[in-house]
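Undergrad: If you scroll down you'll find the structure; I have some questions about it.
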Amino acid sequence: MHVLNSLKSFKNPSDSEAVGVPEIQWVSAPELLYIVTRIMKPNAVVETGVASGVSSAYILQALEDSKKGELYSIDISAYIPRGVKPTGWIIPYWLRHRWHLIIGPSSQKLPHLFDNLREIDVFLHDSLHTYENMLWEYKTAWPFIRKDGILLSHDIQGNDAFSEFCEHVNRKAIYVSNSFGGIRK
């Protein structure tokens, strides 16, 4: 079963609402991640922040459909907040062979991961959304993103870190909504 179909209909037993993200203009954030990943056909995607793993599942499905690539996810905890479910619990078992979950703060885990990978195609920030952390993650990831690679960020509306970083690297941002943006290197 394709993750796009299975996640749209998935119901959390403790919640009457369907799991997912509200529509962002003409496409939801996870669907946008799927589209970008399919177009890019990346070898390496790095994301910070996993929670239940909806975004991760869409990225992994795109990698699977492209028959290439790996997703490296960093999350501060092995369990989602306010629950006993493990981080990434929603990711289907058939997609997990392309997934590498790293537990710990991005400030400790990202530098080592980038040193090992040397180059990535896509970076997605969706972890701690403070100005300091967002700006630090962007600046840390940017040198490792290949030419024509993409930096994406979720929840950019809470502070000016994303817009200031775009200005710092002299790149024009694409804003999919007031909460999601990206730039190409």
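The values are calculated or read from the model by the stated rules, or taken from the named source; none is laboratory data. What you are looking at is a predicted structure, and each value in this text was computed from that prediction instead of being measured. A quick note on method: Cβ atoms are made from the backbone with ideal geometry, for glycine too, and the neighbour counts reach across all protein chains shown.
Undergrad: Quick check on the stretch 49-71. Is at least one of its residues touching a His at 6+ places or on another chain (Cβ under 9 Å) and among the polar types (S, T, N, Q)?
TA: yes
Undergrad: Checking the structure you have, find out if any residue of the stretch 113-127 is farther than 17 Å from Arg146 by Cα, in contact with a helix residue (DSSP H, G or I) (Cβ under 6 Å, 6 or more places away or on another chain) and either without any contact (Cβ under 8 Å) to a residue 24 or more places away in the chain or crowded, with 18+ Cβ neighbours inside 10 Å (or both). So that I can check it myself, show each step before the final result.
TA: Here is the first cut: in the stretch 113-127, the residues farther than 17 Å from Arg146 by Cα are 126-127.
Next cut, in contact with a helix residue (DSSP H, G or I) (Cβ under 6 Å, 6 or more places away or on another chain) only: 127.
Retained after the next criterion (residues that are either without any contact (Cβ under 8 Å) to a residue 24 or more places away in the chain or crowded, with 18+ Cβ neighbours inside 10 Å (or both)): 127.
Yes, there is a match, as at least one residue in the stretch 113-127 is farther than 17 Å from Arg146 by Cα, in contact with a helix residue (DSSP H, G or I) (Cβ under 6 Å, 6 or more places away or on another chain) and either without any contact (Cβ under 8 Å) to a residue 24 or more places away in the chain or crowded, with 18+ Cβ neighbours inside 10 Å (or both).
Undergrad: Here's another thing I want to ask about it. Identify, by number, the condition in (1) in contact with an Asp or Glu (Cβ under 8 Å, 6 or more places away or on another chain); (2) touching a residue at least 60 places away in the same chain (Cβ under 8 Å); (3) assigned to a helix (DSSP H, G or I) that Thr37 doesn't meet.
TA: Every condition holds for Thr37 apart from (1).
Undergrad: Additional query: Take the residues in the stretch 146-185 that are among the β-branched types (Val, Ile, Thr) and touching a strand residue (DSSP E or B) at 6+ places or on another chain (Cβ under 6 Å), then tell me which one is surrounded by the fewest Cβ atoms within 10 Å (Cβ to Cβ).
TA: Ile174
Undergrad: Would you kindly identify the strands (runs of 3 or more DSSP E) lying entirely within the stretch 106-185 that contain at least 2 residues that are modelled with pLDDT of 95 or more and among the β-branched types (Val, Ile, Thr)?
TA: The qualifying strands (runs of 3 or more DSSP E) are 120-125, 145-154.
Undergrad: Out of all the residues in the stretch 152-175, is one or more in contact (Cβ under 8 Å) with a residue 40 or more places away in the chain, of a type in the set (Gly, Ala, Ser) and within 14 Å of Gly49 (Cβ to Cβ)? Full working, then the answer.
TA: Here is the first cut: in the stretch 152-175, the residues in contact (Cβ under 8 Å) with a residue 40 or more places away in the chain are 152, 154.
Those left that are additionally of a type in the set (Gly, Ala, Ser): none.
No, there is no match, as no residue in the stretch 152-175 is in contact (Cβ under 8 Å) with a residue 40 or more places away in the chain, of a type in the set (Gly, Ala, Ser) and within 14 Å of Gly49 (Cβ to Cβ).
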